[in-house]
Amino acid sequence: MHLPILTYMSTILPVASGKGGTGKTVLSGNLGVALARKGKKTILIDLDLGGANLHTCLGIRNDRPGIGDYIYKHVQSLSEIIYNTPVQNLFFIPGDVLLPGTANLDYGTKKKIIRNIQNLDADYIILDLGSGTSFNIIDFFLISPAGIIVTTTETTAILNAYSFLKTVIFRMLYRSFPSKSEERKMIYSFITNRIEGKSISFHDLINTILYINPGSGTTAMETFKKIFPKMVINMGTSNSDIEIGGKLKIIVRQNLGLKIHYIGYLPRSKEITLSIIQRQPVYMLSPGSLFSKSINNLAEKVISDGLIPPPVLYESDEDLEELREQINLK
Ligand SMILES: Nc1ncnc2c1ncn2[C@@H]1O[C@H](COP(=O)(O)OP(=O)(O)OP(=O)(O)O)[C@@H](O)[C@H]1O
Ligand SMILES: [Mg+2]
């Protein structure tokens with residue numbers, strides 16, 4: 001069994017959400033610009049396969065090879081499709097706009113993309129992911145222990161963010177153990193046999209594993225402690241919206257036993273529409289706006305968090321491909 005060999009040089013920031021349209025792309029683009037403007041070499045990667053549109057936020061034309069070309073083997077390495085942007089220190093890897101239809105990545109290609117990302121050289125690598133809880137998206141999210149989840153204040157978006165976190169925990173615990181292991185079977189059966197309507201207690205699961213095999217239980221517990229996702233509330237309109245992040249943090253801690261880091265709040269901003277029309281990130285177009293100031297705060301939080309080493313997980317193997325169809329954690 002091979003554990004992945006990881007390099008810890010770059011801080012990788014996957015940006016995800018349960019629900020679509022919460023602002024992942026707007027956040028990824030503007031956070032990338034903010035980090036670059038602070039002198040950090042930053043690579044933005046459009047990993048929303050099937051829905052790539054990060055270039056529109058940056059004012060970059062979509063006429064160059066991107067991830068689609070890598071998937072279809074027209075280029076051998078991601079380093080061949082990294083482009084300069086108008087912003088110093090900011091680089092961009094386009095998505096699959098020119099070669100769409102790659103949303104259902106096969107397992108081997110996903111693994112190759114992840115390895116290639118881990119070998120890129122930058123201070124920050126931001127991954128603009130697609131929405132939802134497919135295992136491809138979750139595995140991209142789990143490249144880092146401290147990916148960013150973006151939600152709006154809408155109830156459905158918050159519930160979807162919560163479901164996203166549950167799937168992340170499940171997947172992470174599952175990948176803490178080798179393929180075909182008893183522990184994987186136990187975790188799978190725990191998830192699929194839970195009583196309908198009852199919230200999943202990962203604590204109970206870990207206690208069960210501990211009881212059956214103390215060594216494995218400790219492994220599960222240690223893995224659990226190593227993940228610390230960041231949360232951003234976007235498109236807020238009132239002061240009470242700011243507090244939603246804090247409340248969600250408490251609920252996640254109480255119900256799922258997971259610590260999340262609420263790094264901030266982005267206001268609903270009319271400058272966003274203007275920035276898309278003008279093909280310039282808000283952070284450049286309206287640096288004095290409340291939105292840009294909030295992005296600036298997020299960038300400072302990201303920098304002060306430093307580099308957190310990721311949990312070492314086993315590869316997801318063929319048995320997970322079968323599970324993908326069967327499991328619905330919502
Ligand atoms: N803070 C904001 N204020 C106003 N409009 C916003 C804000 N954030 C995002 N938007 C708008 O909301 C829409 C969705 O944003 P965006 O495309 O960034 O979301 P997404 O999560 O990347 O969507 P998808 O799931 O489709 O990839 C866009 O029209 C964007 O301009
Ligand atoms: Mg998007």
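The values are calculated or read from the model by the stated rules, or taken from the named source; none is laboratory data. Nothing here was measured: the structure is a model prediction, and the numbers come from that model. Cβ: placed from backbone, ideal geometry, glycine included. Neighbour counts: every protein chain shown.
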Query raised in the report: Residues of region 90-144 being closer than 24 Å to residue 11 by Cβ, acidic (Asp, Glu) and out of contact with any Gly (no Cβ under 8 Å at 6 or more places or on another chain), which ones?
Result: 121, 123, 139
Query raised in the report: Would you call residue 219 closer than 28 Å to residue 15 by Cβ, surrounded by fewer than 23 Cβ atoms within 10 Å (Cβ to Cβ) and free of Cβ contacts under 8 Å to residues at least 60 places away in the same chain?
Result: no
Report summary line: Log entry, pairs with first residue in region 11-30 being on the phi > 0 side of the Ramachandran plot, second being of a type in the set (A, V, I, L, M, F, W, C) and within 7 Å of ligand 1 (Cβ to nearest atom), beta carbons closer than 8 Å, six or more apart or on different chains, reads 23/150; 23/235; 23/266
Query raised in the report: In region 249-282, what count of residues is obtained for those that are closer than 18 Å to residue 302 by Cα and either in a loop (DSSP other than H, G, I, E, B) or hydroxyl-bearing (Ser, Thr, Tyr) (or both)?
Result: 4
Query raised in the report: Among (1) surrounded by 19 or more Cβ atoms within 10 Å (Cβ to Cβ); (2) at pLDDT below 90; (3) in contact with a Phe, Trp or Tyr (Cβ under 9 Å, 6 or more places away or on another chain), where does residue 97 come up short?
Result: (3)
Report summary line: If we keep only residues of region 105-121 that are free of Cβ contacts under 8 Å to residues at least 60 places away in the same chain and in contact with a Ser or Thr (Cβ under 9 Å, 6 or more places away or on another chain), then the residue nearest to residue 77 (Cα to Cα) is 116
**Report entry** Members of region 39-50 found to be surrounded by fewer than 18 Cβ atoms within 10 Å (Cβ to Cβ) and within 16 Å of ligand 2 (Cβ to nearest atom), listed by number
**Finding:** 50
Report task. Hey, can you tell me all the residues within region 16-59 that are away from ligand 1 (no atom under 13 Å from the Cβ) and under 14 Å from the mean Cα position of the chain (by Cα)? Result -> 45
**Report entry** Residue that is farthest from ligand 1 (Cβ to nearest atom), among those in region 115-135 that are part of a helix (DSSP H, G or I) and buried (at least 18 other Cβ atoms within 10 Å of the Cβ)
**Finding:** 118
Query raised in the report: If you check residue 81 against the conditions, is it within 28 Å of residue 309 (Cβ to Cβ), buried (at least 19 other Cβ atoms within 10 Å of the Cβ) and either within 13 Å of ligand 1 (Cβ to nearest atom) or within 19 Å of the chain's Cα centre (by Cα) (or both)?
Result: no
Query raised in the report: Which of the residues that make up region 14-28 are more than 8 Å from ligand 2 (Cβ to nearest atom) and either part of a strand (DSSP E or B) or within 12 Å of residue 147 (Cα to Cα) (or both)?
Result: 14, 15, 16, 17
Query raised in the report: Exactly one of (1) over 20 Å from the mean Cα position of the chain (by Cα); (2) within 16 Å of residue 114 (Cβ to Cβ) is unmet by residue 10. Its number?
Result: (1)
Requested in this report: Return yes when residue 188 is touching a residue at least 24 places away in the same chain (Cβ under 8 Å) and among the hydroxyl-bearing types (Ser, Thr, Tyr) and no when it is not.
Outcome: yes
